[in-house]
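Colleague: Following this message is one structure expressed as structure tokens.
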Amino acid sequence: MSNIVTIFFRINSDDTGLVFSNSENGPWETDQNFSTSVQGGDTVYWKMPPTNPPKTINSISFTKDGGENIFTSTPHEPQSHDCLEGVVQTGLPANTVEKYELTVEIDGKTYKHDPSIKIDT
């Protein structure tokens, strides 16, 4: 059975990079060791939760940065342009890992982070 998995990101407290969470309310991870577990067929979304004051995502992109290709195609922006969407391939063995770089332009400033995504058992 496929699921929807949402990876949340926001700007860190000193405005120098991104932090990630598998929950809209945190806890927020600041290092490259952040990883999300998925299963074959899952649809993955990368989203920024609402902020106060509101922030605008100008662009968001995914770049493979090592490991295996676990997505059916490179994650892309859907028509709403406020998130990134990718579908995980089926049939991959457990513990297959893809490292990636997420680049997000928010209110005209570019932020990058290098987490990973892993096929769960």
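Only the coordinates and a few stated rules stand behind these numbers; no lab work does. Being a predicted model, the structure only gives us computed values, none of them experimental. Every residue, glycine as well, gets a Cβ built from its backbone with ideal geometry; the counts of neighbours run over all protein chains shown.
Colleague: Could you work out the relative contact order of the stretch 4-119? I mean the mean sequence separation of Cα pairs under 8 Å and 6+ apart, divided by the number of residues, in percent. Walk me through the numbers before you get to the answer.
Modeller: Values: 271 pairs, mean separation 34.1, N = 116.
This gives 29 percent for the stretch 4-119.
Colleague: Under a point-charge model restricted to the Cβ atoms of Lys and Arg (+1) and Asp and Glu (-1), what is the dipole moment magnitude of the chain relative to its Cα centre, in debye to the nearest 20? Could you put the intermediate results ahead of the total?
Modeller: Details: 8 positive and 17 negative charges, 16 e Å.
Charge dipole of the chain: 80 debye, to the nearest 20.
Colleague: Antiparallel versus total DSSP beta bridges in the stretch 4-119: what percent is that, nearest 5? Present the calculation step by step, with values, prior to reporting the outcome.
Modeller: On the way: 29 of 38 bridges.
Looking only at bridges with both residues in the stretch 4-119, the antiparallel portion is about 75 percent.
Colleague: Could you give the length gained on full extension between Asp120 and Thr51, defined as 0.36 nm per residue of separation minus the Cα-Cα distance, in nm? Mind dumping the intermediate values first?
Modeller: Values: separation 69, 0.36 × 69 = 24.84 nm, distance 3.10 nm.
Separation in residues times 0.36 nm, less the Cα-Cα distance, equals 21.7 nm.
Colleague: Please report Ser35, Ser116, Ser23 as a ranked list, fewest other C-beta atoms within 10 angstrom at the top and most at the bottom. Could the numbers behind the result be given before it?
Modeller: On the way: Ser35 14, Ser116 17, Ser23 11.
Ascending number of Cβ neighbours within 10 Å: Ser23, Ser35, Ser116.
Colleague: Using 0.36 nm times the number of residues separating Glu101 and Thr6, minus their current alpha carbon distance, what extension gain do you get? Please list the in-between numbers first.
Modeller: Numbers: separation 95, 0.36 × 95 = 34.20 nm, distance 1.64 nm.
Roughly 32.6 nm would be gained on extension.
Colleague: Same structure, new question: Over the chain, what portion of Cα pair distances is larger than 27 Å, expressed as a whole percent?
Modeller: On the way: 882 of 7260 pairs.
The proportion of pairs with Cα distances above 27 Å equals 12 percent.
Colleague: Stretch Glu68-Ser35 to full length: gain in nm at 0.36 nm per residue minus the Cα-Cα span? Walk me through the numbers before you get to the answer.
Modeller: Details: separation 33, 0.36 × 33 = 11.88 nm, distance 1.43 nm.
So the extension gain works out to 10.4 nm.
Colleague: Okay, moving on. Please rank Tyr111, Tyr100, Tyr45, fewest neighbouring Cβ atoms within 10 Å first, as an exposure proxy. Working shown, then result.
Modeller: Working: Tyr111 19, Tyr100 22, Tyr45 16.
If I rank by nearby Cβ atoms, fewest first, I get Tyr45, Tyr111, Tyr100.
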